[in-house]
1. Checking buried surface per residue: for the range B:723-761, which residues lose a minimum of 50 Å² accessible area in the protein assembly relative to the chain alone (1.4 Å probe)?
2. Can you give the angle from 0 to 90° between the axis of helix A:147-160 and the longest principal axis of chain A, with both taken from C-alpha atoms, to the nearest 10?
3. If the viscosity is 1.002 mPa s and the temperature 20 °C, what Stokes-Einstein diffusion coefficient in µm²/s follows for the range B:1-90 when Rh is the Kirkwood radius over Cα pairs?
4. So between B:ASP9 and B:SER713, what do we pick up on full extension, going 0.36 nm a residue minus the alpha carbon distance?
5. Over the range A:10-80, consider all pairs of different Cα atoms and compute the Kirkwood hydrodynamic radius from their mean reciprocal separation; express it in Å, one decimal.
6. For B:ALA723 and B:LYS622, what is the calculated FRET efficiency with R₀ set at 56 Å and r taken between the beta-carbons, to the nearest 0.05?
7. Answer with one residue from B:PHE353, B:LEU73, B:LEU710: the one whose Cα lies farthest towards the positive end of the charge dipole of chain B, charges on Cβ with Lys, Arg +1 and Asp, Glu -1.
8. Relative to the present Cα-Cα distance, how much length would full extension add between B:GLU83 and B:ASP180 at 0.36 nm per residue of separation?
Amino acid sequence: MTEMFRDKVDVALTVNGEPVEARVPAGQHLIDFLRQTVGLTGAHASCEHGVCGACTVRVNGEAVRGCLMLAAQADGAEVWTVEGLSDSAAIADLQEAFVARNAAQCGFCTPGMLVAAEELLSQGGLPSRAEIREHLSGNYCRCTGYEAIVDAVEDVARARGGEDVARARGGKGAA
Amino acid sequence: MSIAFGNPDRPNSYIGKTVPRPNITKLVQGRGRYVDDIVLPRMVHVAFVRSPVAHGKITGIDIEAAKTVPGVLRVFTGADLAEVCTPWVAVLAHLKGLKSPPQHPMALDRACWVGEPVVAVVATTRAAAEEGAALVEVDYEALPAVTDTMTALDKTTPVIHPDMGDNLAFRRLHEEGNVDAALSTAHKVVTASFRTARHTGVTLEPRSILVDWNPAEGQMTAYHATQAPHMMQTVFAKHLDIPESRVRVICGDVGGSYGIKVHVYPDEVATATIAKIMGRPVKFIADRLESFTTDIHARDHEIEAKIAVDAEGRILAIDVDDWTGIGPYSVYPRTSAIEGNQVVNLCGGPYDFANYRAQTTVVFQNKTPTCQYRAVGHPIAVAITEGLVDMAAAAIGMDPVEIRRRNMYRDDAYPVTSPAKMRFEGLSHHASMDKLMEIMDYDALRADQAEALKQGKRRGIGIASFIELTNPSPFMYGIGGARISAQDGCTVRMDPDGSVVALSGVTEQGQGTEAMLSQVVAEGVGVSPSKVRVITGDTQVTPYGGGTWASRGAGIGGEAALQAARALRSSILEVAAAMLQADQGLLDIRDGQIVDTQTGETRMPLEELGRIVYFRGDTLPKGLPRELVQTRHFITMDYPFAFTNGVQASYVEVDTDTGVVTLLKHWCVEDCGRVINPQLVDEQIRGGIVQGLGGALFEEIHYDEDGQLLNGSMADYLVPMAAEMPDMVIAHVETPTKESELGAKGAGEAGTAGAPAAVMNAINDALRPLGAQVTEMPFTPERILRALGTIHD
Ligand code: FES
Ligand code: FES
């Protein structure tokens, strides 16, 4: 552990479209690098074990657990976090659906959940509710009970497929 | 003037509507600010060396190697902190006989559970603090560990705290009527034992605190993920000898609480103590193993219970013997006797019956301390009650819905006092059951169950009625001597441009407190909710209040906000009447405009009134009050608690080959009085149900007999994930409380209260034809197969 933190490695990567160069401890995880060094606190560390998905960020187009990847391994990578995906409006419709459906309560899981959901949505098509649940089954949410999240993702899949989802969601009160 | 809640076309009708949460947009953009996101100049990190043994005498501590780690600044032992921080004793006077020894921020000469903090290492980085902690050597002389609840009081079991005399923390027996007589003459008596597993909250954000002490100002500032900032202010002030006015607790975004973050944790008090010693900001963020070994646990109960019924299914008696093990200390300041006490208060809750006996026995053991976690005691009491009722129904061949209808308090019976001596102001068990039957289409579901059986599928339907304790008065904690506020306050202010700021003592952990407050204030003043900025979680600026626990945010905090908003409305109208030379009674505020009440004609925007009051007060009559800031507090007085009620149903399929239970669907009808925001209430209930489903199917903390916690990671302590959870249908009956104008009761715990019992009954409905029954949670495949006789040994 000691050497892992004392040995330093130079990395150069892009984060949210901006170049970042840094000298990182060899043992530092990507999530800690993003949160502590780059100042992007949107994604969170929770289980630090690869189980909960709170640390999920996009690396080279894929949803990756920031607590399982070392910052050093991100050398040369293209990393997107919820902050960059917000600024670029890349997931604006998904975020709006989360707001309308109240698919976030405490919000701690939400940045990771959004990145994971967008990975599914970007594959196109209309996933079934079971497929949405399956895809999100590595992202833990203790607050919502998941149904609102599944609804929101389903709504976005329909809307992106050209369907009119303005229809009210029954008693679930989409605004 | 009271609000015509029944008229949806009334002006400013925001109460009762789904409006989006004002603070959710930042969360979906990753712009929340949780404690670990905050970095202060000169901030240092603390890591704790924790006891690896369940019970041991500390015979030596060697910190020399830790001090050599680059970045390590200080190393503290329990004795060092005890010089600055006074110990606490977690008892409440109204829980007669409750005892607990003094507890310090860190162990002094003895560690009593695996995870108890023993040494604190402070460093410039968390990595260095952890590295230092790993080098601290603590010698322990092993002491016998007490781990089994049921034998904790045996003569042969060692006493954990010899000064206390025995391992009994608390015992309460409640008796009403003549239970023995009823049992001996009843048509049928059913006996069962139940078990609820040890749970923990697993908040996604671990416990987090950052404390700064500025000796030059004598001011402590704690950024704390907590549900009760004012309670923590009082605790830090008292034990660190600082005036309350100089302790500021700031609670920003909190990543989940569920009761976990409403307690005083030794390591958090240690962090504040270290900040006071070092005079600089100190941050402590629990890691996941620390969360499992030191966040409070709950629900570790073993119960023997009986129900007696007559031939018509009338309940004659309920008899409950409840045991729970709480760890080595009662948790400060709410105590660890409340959960068992709630079991006594809540068993049999929905039913009108005469003979009731319940005893809870609360014992010390060498495991993580237990305390209040979402729906405190309710899931246990509901499982006991509803399990017994279903078993009685089966014993006399009656439909489970019918037996409930025959016993539930009539909807026109209120007010009534239950055999547990709980006072109910107004509940709706029958209307709720009727609604449940309608939304689940009970008969069609029974037909589907029969059809499935023809194809060899074992499906079951489970029903669970429940009551839920909300809006607590000082009868919960205050009368026992705890400095925990049952009242709450709100300050509402109009700024010059006509926008409104509301500062409230209740807090937000994601349930939607701020949305609820914005709606209530918007309607009370007469502006749109988007014009209301809500501020919570800062003891230096908000009125004193209890925070968020026991489902009190809307009922208590909401009413305070309504009263403050309406007071501001009349102050505004008083000024408007003078400016317009009109009769105040003929003016109203609608959507940010002063209007003529009768015609709705606009007379003046609030902005203009604000301009005159703040910048041209010289033009107003001398002596005209112009108080555009109003504060009101609210406390319930008529009832100790506002009970709510509801009923849940679960539809499951049990694979009798593998023992796997699949949740097909779940329903909940709930009566929380006035619904302020239907979407937020429904989502609270859904989230609560899923926490209850976790307890029913997955969640269980395991210890070995030496007191070692065996599953301290999210990979090993299973919680519900998206794939296994069902869709849930939620509906409401509304019986507003008459204690407040708003009429709101709590909704945050109902889901968790009833879900485990509904699942248990559904599984047993599926298994009954096979002669099998489960009553020990969680209902794992192994337990199902054992009940079926597939696995023995
Ligand atoms: S923190 Fe990375 S998966 Fe949990
Ligand atoms: S919203 Fe709190 S954990 Fe998902």
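1. B:ALA723, B:ASP727
2. Once rounded, one gets 80 degrees.
3. The Stokes-Einstein estimate is 106 µm²/s.
4. 248.2 nm
5. Kirkwood hydrodynamic radius for the range A:10-80: 11.7 Å.
6. 0.20
7. B:LEU73
8. Contour length minus the Cα-Cα distance gives 29.5 nm.
The values are calculated or read from the model by the stated rules, or taken from the named source; none is laboratory data. Since the model is a prediction, treat every value here as computed from it, not as a measurement. Cβ coordinates were reconstructed from backbone atoms using ideal geometry, including for glycine residues, and neighbour counts include every protein chain displayed. Note: accessible area is taken over every heavy atom of the protein model, side chains too, but ligands, DNA and RNA are not part of it. Shrake-Rupley method; radii C 1.70, N 1.55, O 1.52, S 1.80 Å.
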